[in-house]
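In what follows, a single structure is set out as structure tokens and then discussed.
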Amino acid sequence: MDNNNKNKENKSPQTFSGKVVSNKMKDTVVVAVERFVKHPKYQKYFTVTKRYKADDKGNTRKVGERVVIEACRPISKDKHFKVLTSEPGERL
């Protein structure tokens with residue numbers, strides 16, 4: 001049982017980098033994360049976008065900012081990420 005606990009402690013939480021697309025909710029931003037994937041049959045590369053709700057205390061992030069989000073315990077029904085940092089100089 002000790003061995004199981006060690007694996008959980010060493011495991012780092014999931015992190016994504018994306019762009020803020022909405023900040024209209026209280027203490028919440030919606031972050032669009034894009035992935036570049038290859039189609040298994042046709043071998044063509046295409047972009048897949050997924051939107052995550054992330055906790056942003058004080059609503060400090062603006063639409064268009066690049067941010068890094070990290071998985072955390074569930075904060076609400078849909079919100080299970082928190083904003084770590086903004087990537088400086090990245091305003092789109």
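Restricting attention to the stretch 33-58 and to residues that are within 16 Å of the chain's Cα centre (by Cα) and in a loop (DSSP other than H, G, I, E, B), the residue that is farthest from SER17 (Cα to Cα) turns out to be LYS57. Within the option set ARG73, ARG61, being among the basic types (Lys, Arg), outside any strand (DSSP E or B) and surrounded by 13 or more Cβ atoms within 10 Å (Cβ to Cβ) holds for one residue only, ARG61.
Every number here is computed from the coordinates shown, using simple stated rules; none is lab data. Keep in mind the model is a prediction, meaning the values are calculated, not measured. Cβ atoms come from the backbone with ideal geometry, glycine included; neighbour counts cover every protein chain shown.
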